[in-house]
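Participant: Sharing a structure below in structure tokens format, with a few things to ask.
What follows is calculated from the coordinates using simple rules that are stated; it is not laboratory data. None of the values given here were measured: they were computed from a predicted structure. Ideal geometry is used to build each Cβ from the backbone, glycine not excepted, and the neighbour counts take in all protein chains shown.
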Amino acid sequence: MARYIERTKYDWWSTTWKLAVFILLIVFAVAVILPSRGWVWTSVMVLLSLWLYVRLMTRRTAYKCADCGNVFQVSTAVNFFTTSSMGKNADGTYFSAKKLTCPKCGKVTKARVLKRADAQAAKGSGRLLK
Ligand SMILES: [Zn+2]
């Protein structure tokens, strides 16, 4: 089982640039593709950008069940069709979460978003989870 750490400020930055690329692709679609190829190709381009964005995010994240603590990953499709939300920690800080069904206990919980631990993350200050 891969190890995952809690999201840090570094992750917010990595989320931001992915979002920036995504927005740039949308702007490109509307500004360049729309006048020459019309709405159909623009929609395809926008959907592809959105899918790419979700895929990039999915590959690097895992979710922790709020009920049993099980850590699991979801497919790009699941991530694409579910919405993210925010949760509040006991110490007053916030965390990002997603309403997901846990594959272990089967309960629908506000699953906490975790980042897959990699070489880059090991340098950070995130707490490692078993
Ligand atoms: Zn569970």
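Participant: If you take the residues of segment 81-114 that are of a type in the set (Val, Ile, Thr) and over 25 Å from residue 14 (Cα atoms), which of them is surrounded by the fewest Cβ atoms within 10 Å (Cβ to Cβ)? Give the steps one after another, and end with the answer.
Facilitator: Keep residues of segment 81-114 that are of a type in the set (Val, Ile, Thr), which gives 82-83, 93, 101, 108-109, 113.
Checking which are over 25 Å from residue 14 (Cα atoms) leaves us with 101, 108-109.
Numbers: 101: 15, 108: 12, 109: 19.
The residue in question is 108.
Participant: Considering only segment 5-122, give the helices (runs of 4 or more DSSP H) lying wholly within it that have at least 2 residues that are among the hydrophobic types (A, V, I, L, M, F, W, C) and within 16 Å of the ligand (Cβ to nearest atom). Reasoning before the result, please.
Facilitator: Working: elements: 9-28, 34-37, 39-59, 76-81, 119-122.
So the answer is none; nothing clears 2.
Participant: Still on this structure, I have one more. Just one of 20, 29, 77, 62 is of a type in the set (Gly, Ala, Ser) and touching a helix residue (DSSP H, G or I) at 6+ places or on another chain (Cβ under 6 Å); which is it?
Facilitator: 29
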